[in-house]
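Inspection log for the structure reproduced underneath, given as structure tokens.
The values are calculated or read from the model by the stated rules, or taken from the named source; none is laboratory data. This is a predicted model, so every value here is computed, not measured. Ideal geometry is used to build each Cβ from the backbone, glycine not excepted, and the neighbour counts take in all protein chains shown. Quick note on the areas: whole protein, heavy atoms, side chains included, nothing else; ligands and nucleic acids left out. Shrake-Rupley method; radii C 1.70, N 1.55, O 1.52, S 1.80 Å.
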Amino acid sequence: MTSPMKFRSEVMFMIMAIFVLLANMSTCRAKLSSKYYKRSCPNGANAIRKSITQAISRERRMAASLVRLHFHDCFVQGCDASVLLDEDATPTSERNAKQNKDSLRGFEVVDAAKAEVEKICPGVVSCADILALAARDSSVVVGGPSWKVKLGRRDSTTANITLAESDLPLFSSTLDELIANFDKKGLNQRDLVALSGSHTIGKAQCLTFRGRIYSNDSSIIDASFARALQRTCPNNNDVGSTNLASLDLVTPNTFDNFYFHDLIQKKGLLTSDQVLFNGGSTDRIVVKYTQNPSKFNSDFGKAMIKMGDIEPLLGKNGIIRRVCSSLN
Ligand code: HEM
């Protein structure tokens, strides 16, 4: 015979177990969906697109900067807008990571888009979702592919500079390092090559390619390409480190597949670009994208969706920030 005391504690235990199960089920059920704001903010995506398009018409490079911002968000504790928190919000601001400092751009453009959407549906649309939409809208404005953006991410209350420095790839990375880096985020070699294809737009600072253009090794860099860049980027760490060069020398302002043609001619700007075509396992993907631009476009869209799926905060996790750079 079970004693009344034991019976009561067994019932209590069962009730608690059911609660835990239900709580877990509600977190599991929450997932990203392209219709997430259909009822709560039906005009939000339009307002964001308008704001982003205006910013890009003021400065075309902004499209590149916004695509990169989404990448640097998703690779550090998932797509949770942690990258946007500034030093006033947290001492561990990712903006100060070596891969981001004096390099990431577009924060004020995201703030402006957020301000527009706050006017029509306050406290509803997350900054992490704005980054995902801004990346897609940017691609479209400069002639790149479109894709259905999944929504419903929530914003973090923390940032992690240590994780940013360990998980964001470096311009000096080898192919094996890049593959490992992307694999850690659930992205395969095709995703790595397709996503690196966003270097078809935008610019890099001399300090990121100086080592490569003075290497004097014609097996890894085209000699005339290296010479031309040496005019922009002197072989002196104290001079011209912030001078800019286009990541795709042929069509720097248009999203197309010329970046891959550059690589085949050993005219990749960064070491991390050229290693994608240097006798390794990704060579065949690069060649494929030179031959078939629409395959590149569709793989790029798919990979951006996959990247946008990295560890989102869902359901009751995280917050909706009112201002993207600070905590509520
Ligand atoms: C594969 C590893 C990658 C490395 C090592 C890398 C590194 C870099 C570096 C060093 C710059 C120049 C920054 C500066 O000079 O201030 C840059 C620019 C850029 N990156 Fe990457 N990147 C990688 C992958 C990606 C991915 C996956 C995306 C997007 C999906 C991306 C998008 C961009 C864009 C668009 C720019 C130009 C930004 C601008 O003009 O403001 N990159 N990247």
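Largest first, the three principal axis extents of the alpha carbons in region 198-292 are 41, 28, 19 Å in whole numbers. For the set LYS266/LYS295; LYS184/LYS302; LYS31/LYS302; LYS38/LYS302, the pairs lying more than 20 angstrom apart at their alpha carbons are LYS266/LYS295; LYS38/LYS302. Heavy-atom accessible surface of GLU116, to the nearest 10 Å², is about 80 Å², with a 1.4 Å probe and all protein chains retained. Put a dot 7 Å past the Cα of LYS295, heading toward its Cβ, do the same for VAL124, and the two dots end up 4.3 nm apart. Applied to region 115-124, the Karplus parametrisation 6.51 cos²θ - 1.76 cosθ + 1.60 on θ = phi - 60° returns per-residue 3J(HN,Hα) values of 4, 5, 6, 5, 5, 9, 9, x, x, 10 Hz, with x for Gly and Pro. Rolling a 1.4 Å probe across the protein heavy atoms gives region 175-305 an accessible surface of 45 Å² per residue.
Couplings for region 222-230, taken from phi via the Karplus curve 6.51 cos²θ - 1.76 cosθ + 1.60 with θ = phi - 60°, read 5, 5, 6, 4, 4, 4, 4, 6, 5 Hz in order; Gly and Pro are left as x.
Would you mind getting the Kirkwood hydrodynamic radius of the chain from its Cα pairs, rounded to one decimal in Å?
Kirkwood radius, the chain: 21.2 Å.
With all protein chains in place and ligands, DNA and RNA left out, the 1.4 Å accessible area ranks ARG68, ARG210, ARG61 as ARG68, ARG61, ARG210, largest first. Expressed as a whole percent, the accessible surface of region 44-168 that belongs to carbon and sulfur atoms is 50, based on a 1.4 Å probe. From the square roots a ≥ b ≥ c of the eigenvalues of the alpha-carbon gyration tensor of region 187-233, which class results: rounded (a/c under 1.5), prolate (a/b over b/c), or oblate? Prolate.
Derived from the Cα gyration tensor, the three semi-axes of the equivalent ellipsoid of region 44-168 are 22, 16, 13 Å, largest first. Split the accessible area of region 175-305 by element, probe 1.4 Å, and carbon with sulfur accounts for 49%.
Each peptide among 243-253, 161-171, 34-44 gets the average number of other Cβ atoms lying within 10 Å of its residues, and from highest to lowest they stand as 243-253, 161-171, 34-44.
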